[in-house]
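Below is one structure; the comments refer to it alone.
The values are calculated or read from the model by the stated rules, or taken from the named source; none is laboratory data. Bear in mind the structure is a predicted one, so any value in this text is a computation, not a measurement. Reconstructed Cβ throughout: ideal geometry from the backbone, glycine too, with neighbour counts over all protein chains shown. In case anyone asks, the SASA skips ligands and DNA or RNA and just uses the protein heavy atoms, side chains included. Shrake-Rupley method; radii C 1.70, N 1.55, O 1.52, S 1.80 Å.
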Amino acid sequence: MKTLNKRVLILGGYGTFGSRIAQLLGSDPSIHLIIAGRDKLKAAETASGLPTSAEGLRLQRDAINLSAQLEDLHLDLLIHCAGPFQNQDYRVARACIDARIPYIDIADARRFVCDFPRLSSAAQRAGVTLVSGASSLPALSSAVLQQAQRELAEIHTADIAIAPAHRISRGPATVRAGFESLGRGFPVLQDDRWHETFAGGSLRHTRLAHPVGGRYVCDFDVPDLELWPRQLPALSSVRFGTGVQPRALQLGLALCARLARLNLPATTPRLARLAGGLASRWPGGSPHGGMKVLISGRDGSSMPCTFQWQILGLNADGPWIPAAPAAALARKFLSGQAPAQGAHTCWQLLTLEDILAELAPYSVVTATQKKTPTELARKRANSV
């Protein structure tokens with residue numbers, strides 16, 4: 001008797017990350033993929049390039065009868081990649097609850113992800129599992145934290161930085177969300193106190209391993225700035241920064257953020273589209289990017305200790321990194337290992353091993369360092 005394929009719909013499945021999730025899952029012959037979005041031709045084109053059974057479908061996230069359309073498709077899972085999520089409501093997730101379809105999204109918008117569990121009661125009544133944030137933040141970052149907690153008994157500070165490559169394709173939703181947020185204030189925990197910073201503020205230099213090297217990053221609002229303090233009672237400071245290349249482009253964005261703080265029209269949707277086109281044609285930059293997580297605290301002997309983890313996407317393979325957690329989580333859903341029924345943030349629902357297994361075919365490398373004050377002093381002495 002032939003086993004029916006699992007039916008997985010990827011909403012926004014021809015976008016930068018949705019298409020990569022489709023390719024990752026497309027290696028499994030037991031999955032039938034439905035690539036969906038506003039443009040049926042793009043959806044069909046993406047579906048035709050997949051090695052597995054697939055089809056393209058026109059489906060809009062704001063359709064009035066979305067629940068009924070989803071119910072007619074008899075889905076085993078929906079993966080929502082149709083961003084930006086910053087100003088989006090939960091209509092897709094609610095439609096999945098009504099149609100009793102398990103749901104995953106790749107959102108990294110703070111309010112969208114952090115408030116997502118408010119849907120839990122409705123999801124439990126429907127008997128389905130919904131997960132938000134299956135991307136670099138907070139899925140990958142919380143998996144890194146889980147690794148660090150094996151080394152550190154107490155965590156005091158965390159600093160996360162993402163430095164994407166310049167010479168990669170960028171989805172319009174990603175560019176629009178980043179540019180339109182410039183200048184917007186949000187709270188961060190620093191030195192045991194909450195205070196306000198803003199998107200594009202606090203320009204600073206960070207360094208990742210070769211060949212990514214030194215990059216400039218600015219503050220941006222992400223779920224981790226709220227989720228880490230919730231989970232770690234001893235945490236006194238948490239910071240997140242991201243930036244673009246080349247340096248002149250990053251400085252220009254920092255200036256736009258300052259202008260937006262003065263209520264000048266520096267980040268309108270039209271300018272966001274123009275900036276996206278300008279950024280894609282800007283000369284220079286690198287095809288290499290990465291993410292760094294630096295955590296400090298105390299080890300099991302109450303000694304001060306730092307834990308640093310990096311992941312580098314080389315040769316323009318960086319965009320596979322944020323796509324990997326959703327693919328890894330989808331495999332768990334389809335194999336009967338989904339989290340409990342309800343609505344969850346993607347907080348430590350995956351291990352680093354789960355995520356890195358999806359990235360094995362690509363030019364992605366990782367490195368981990370743990371250092372005590374004695375080791376740091378010895379390193380400084382040897383460098384003199």
The extension gain from Gln337 to Leu352, computed as 0.36 nm times the residue separation minus the Cα-Cα distance, is 3.7 nm
Note to self, the chain gives a 222 nm [θ] from helices alone (DSSP H runs n ≥ 4, -39500 (n - 2.57) apiece, / all residues, nearest 500) of -10000 deg cm²/dmol
Carbon plus sulfur, as percent of the 1.4 Å-probe accessible area of the chain, comes to 51
Rounded to one decimal in Å, the inverse mean reciprocal Cα-Cα distance for the stretch 37-125, i.e. its Kirkwood radius, is 14.1
What the Cα atoms of the stretch 53-199 span along the principal axes, largest first and in whole Å, is 51, 37, 32
Ordering Glu226, Glu154 by the accessible surface of their heavy atoms, 1.4 Å probe, largest first, yields Glu154, Glu226
Expected max-MSF residue from Pro223, Pro325, Pro287 in the GNM of the chain (alpha carbon, under 10 Å) is Pro287
Taking Rh as the Kirkwood radius computed over alpha-carbon pairs of the stretch 12-60 and applying Stokes-Einstein at 25 °C with viscosity 0.890 mPa s, one gets a diffusion coefficient in µm² s⁻¹ of 243
Probe 1.4 Å, all chains present, heavy atoms only: Met303 accessible area in Å², nearest 10, is 90
Candidates His156, His195, His32; GNM for the chain (alpha-carbon contacts under 10 Å) flags as most fluctuating His195
Connecting every pair of Cα atoms under 10 Å apart in the chain and solving the GNM, the largest mean-square fluctuation among Gly13, Gly213, Gly133 falls on Gly213
quick note, the chain, DSSP beta bridge pairs, % antiparallel (nearest 5) is 55
So the number of lysine pairs in the chain with alpha-carbon atoms under 18 angstrom apart, 8 or more residues apart or on different chains, is 5
Quick calc, Asn5 & Gln124: beta-carbon distance into FRET formula, R0 35 Å, rounding 0.05, result 0.80
Taking the alpha-carbon centre of each part, the distance from the stretch 72-144 to the stretch 296-360 in Å is 17
Expressed per residue, the solvent accessible area of the stretch 279-350 in Å² (1.4 Å probe) is about 36
So, with points 7 Å from each Cα along the Cβ direction, the Ile64-Glu154 label distance in nm works out to 6.0
Across the alpha-carbon set of the stretch 81-150, Rg over Rh with Rh taken as the Kirkwood radius works out to 1.01
So the angle from the long Cα axis of helix 247-261 to the longest Cα principal axis of the chain, reported in degrees to the nearest 10, equals 80
Answer check: the chain, Cα atoms, Kirkwood Rh, Rg/Rh ratio of 0.97
